[in-house]
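> Quick one: structure below, then a few questions.
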Amino acid sequence: MRSLPELDRTVEQVERAKALDAPAQLVKKAVDTVLPNPTVRDALHGVWLGHPLHPALVLVPLGSWISATALDLLPGRRREAARTLVGLGVASALPAAAAGWADWSDLHPQQQRTGLVHAAANAVSIGLQFASWRARRQGHQARGAVLSLAALTVGGAAAYLGGHLAYRQGAMVNHAEEAPHILPGQWTPVGRLDELPDGEPTRRTLDGVPVFVLRRGQQVDVLYDLCSHLSGPLSEGELSGAGDEMCITCPWHGSTFRLRDGQVERGPTTYPQPVLQVRVDPDGSVQARLREED
C-alpha cells in the first residue's frame with residue numbers, strides 16, 4: 001500500500017520551507033533562555049529514563065481528551081467527568097510541551113521546521129481544549145463538546161507531523177541502533193599501538209564501519225563513532241574527565257558519553273553509545289570486536 005502522495009508532498013514542503021528558519025531561531029533562543037540548566041534539560045530529554053520523555057508524557061493529555069470526547073458521544077449525563085478530563089489534559093499538556101521543546105532545540109534545521117509546525121498545531125489544539133473546558137464550566141456542554149472535537153482534529157494533524165518527525169526524519173530515535181548489526185563480531189585490526197596518537201581521538205574503520213579510537217598510554221578505547229543522537233562524529237568531539245570517568249562530547253549537539261561503557265553523562269541523547277571490546281597483542285597490534293554480550 002502506497003502513502004498518500006499529496007500528504008507526503010505537503011509535509012516535504014514543510015521540511016524545505018527555509019522561511020521557517022528565522023522564527024525557529026527565535027524560538028530556539030527563547031527555549032535556551034527558559035531552560036538554561038543542563039540538569040533540567042536532561043530530565044526533560046529523559047536521560048534518567050533511558051528513553052525520550054516527551055512521547056510518554058503526551059499519553060496523558062491525549063488519553064484524557066479522547067476519553068472526554070468518548071463520554072460526550074455516549075448517552076447519559078457525564079458532564080462533570082468529561083470536563084474534568086478536558087482540564088486534566090490541558091494541565092498535563094504543559095510538561096509534555098516542555099519536554100518536546102527541549103528535544104526540538106537540539107535538532108537539525110529540517111527537523112526543526114517540521115517540529116515548529118507540529119508545535120503550532122498542538123498549541124491550537126490545547127487552546128481549543130482550554131476553550132472547551134471554560135465552555136463546559138459555564139454550562140455550555142454542547143459548545144464544549146464541539147470545541148473538543150475540533151481540538152482532536154487539529155491534534156490529529158499535529159500527531160501526524162510528530163510521527164513524521166520521529167519515524168521519517170529520525171528525531172530522538174537511536175542513531176546507533178544499527179551498530180551491533182554491522183560491527184564485526186570477530187577480532188579485527190584497528191592499527192598498531194605506536195601509530196595511534198596518544199590522548200587524541202581519531203577515527204578508524206572496522207570492516208568499513210567508522211569507530212572512535214582513543215589511545216591512553218597502553219590502553220585503547222573504541223566506540224562506534226556515530227553519535228546515538230543524530231550521528232555526529234564523536235572522533236571530532238572534546239574529551240573531559242580522567243581515568244574510568246573520561247568522557248567524549250559530540251561536537252554537534254553536546255551529547256556526552258563515558259568511554260568505558262558508553263553510558264550517557266549528558267543529553268540530548270538518551271541512548272548509550274556502543275563500546276567495543278579491545279585487546280593489544282604482544283606485537284603492538286590493536287584488535288577490536290563487538291562485545292560478546294551485544
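> May I ask you to derive the relative contact order of the range 93-208, considering only C-alpha pairs under 8 Å and at least 6 residues apart, and to give it as an integer percent? The partial results should precede the final answer.
Details: 74 pairs, mean separation 25.6, N = 116.
For the range 93-208, the relative contact order is 22 percent.
> Using a 1.4 Å probe and counting only protein heavy atoms, arrange Tyr167, Tyr160 so the residue with the most accessible area comes first. Intermediate results must be reported in sequence, preceding the final value.
Details: Tyr167 195, Tyr160 90 Å².
Sorted by accessible area, descending: Tyr167, Tyr160.
> Moving to a separate point now. Computed from the coordinates I sent, Rg/Rh (Cα atoms, Kirkwood Rh) equals one of [x] 1.08; [y] 0.94; [z] 1.10. Tell me the label.
Checking each listed value against the structure points to [z].
> How high is the relative contact order of the chain, in percent, counting Cα pairs under 8 Å that sit 6 or more residues apart? Don't skip to the end; give the middle numbers.
Values: 493 pairs, mean separation 46.2, N = 294.
That works out to 16 percent.
> By how many nm would the segment from Glu177 to Glu80 grow when fully extended, if each residue of separation counts as 0.36 nm and the alpha-carbon distance is taken off?
Working: separation 97, 0.36 × 97 = 34.92 nm, distance 4.62 nm.
Contour length minus the Cα-Cα distance gives 30.3 nm.
> I've got another one for you. As an exercise, identify the GluC sites (Glu not before Pro) in the range 206-294 lying in DSSP coil whose Cβ has no more than 15 other Cβ atoms within 10 Å. Working shown, then result.
Working: sites: Glu236, Glu238, Glu245, Glu265, Glu292, Glu293; in loops: Glu292, Glu293.
Loop-located and lightly packed - Glu292, Glu293.
> Of the options Gln169, Gly63, Ser148, report the single residue whose Cα projects farthest towards the positive end of the charge dipole of the chain (beta-carbon charges: Lys, Arg +1; Asp, Glu -1).
Most positive-ward Cα: Ser148.
> Please compute the alpha carbon radius of gyration of the range 98-153, then divide it by the globular-protein estimate 2.2 N^0.38 Å. Two decimals is fine.
Working: Rg = 14.8 Å, N = 56, 2.2 N^0.38 = 10.2 Å.
In units of the globular-protein estimate, the range 98-153 measures up at 1.45.
> Report, by chain and number, residues whose modeled amide H sits under 5 Å from the one on Leu206, excluding near sequence neighbours (fewer than 5 apart, same chain).
HN-HN under 5 Å from Leu206: Val211.
> Still on this structure: Any idea what angle helix 21-34 forms with the longest principal axis of the chain, computed on alpha-carbon atoms, 0 to 90 degrees, nearest 10?
The angle comes out near 80 degrees.
> Measuring from label point to label point, each 7 Å out along Cα→Cβ, what is the Asp8 to Gln141 span in nm?
About 4.6 nm separates the two model spin labels.
> Per the chain: cysteines with no other Cys C-beta under 4.7 angstrom?
Lone cysteines by the Cβ rule: Cys247.
> Report, in degrees rounded to the nearest 10, the 0 to 90 angle that the Cα long axis of helix 54-73 makes with the longest principal axis of the chain.
The angle comes out at about 20 degrees.
> Given an 8 Å cut-off on Cα distances and at least 6 residues of separation, report the relative contact order of the range 207-263 as a percent. All intermediate terms of the calculation are to be shown ahead of the outcome.
Values: 91 pairs, mean separation 13.3, N = 57.
The value is 23 percent.
> What FRET efficiency would be calculated for the residue pair Leu49, Leu94, taking the C-beta separation as r and a Förster radius of 22 Å, to the nearest 0.05? Each step should come with its number before you reach the end.
Details: r = 19 Å, r/R0 = 0.85.
Result of the calculation: an efficiency of 0.70.
> Grab the Cα-Cα distance for Val34 and Ala17, subtract it from 0.36 nm times how many residues apart they are, and report the gain in nm with one decimal. Walk me through the numbers before you get to the answer.
Working: separation 17, 0.36 × 17 = 6.12 nm, distance 2.62 nm.
Gain on extension, Val34 to Ala17, equals 3.5 nm.
> Now for a separate question. Determine the distance separating the Cα centre of the range 24-47 from the Cα centre of the range 69-124; give it in Å without decimals.
Rounded to whole Å, the Cα centres lie 19 Å apart.
> Also: What do you reckon, how do Val31, Val124, Val58 stack up by accessible area (1.4 Å probe), largest on top?
Val124, Val58, Val31
> Leaving ligands, DNA and RNA out of it, work out the accessible area of Ile182 with a 1.4 Å probe and give it in Å² to the nearest 10.
Roughly 70 Å² of Ile182 is accessible to a 1.4 Å probe.
> Give or take rounding to whole Å, what are the principal axis extents of the alpha carbon atoms in the range 50-160, in descending order?
48, 26, 20
> Please list Leu183, Leu147 from largest to smallest accessible area, probe radius 1.4 Å, with all protein chains kept in place.
My answer, sorted largest first, is Leu147, Leu183.
The values are calculated or read from the model by the stated rules, or taken from the named source; none is laboratory data. Nothing here was measured: the structure is a model prediction, and the numbers come from that model. For neighbour counting, all protein chains shown are included, and Cβ atoms are generated from backbone atoms with ideal geometry for every residue, glycine included. For the accessible areas, the whole protein counts, side chains as well, though only heavy atoms, and no ligand, DNA or RNA atoms are used. Shrake-Rupley method; radii C 1.70, N 1.55, O 1.52, S 1.80 Å.
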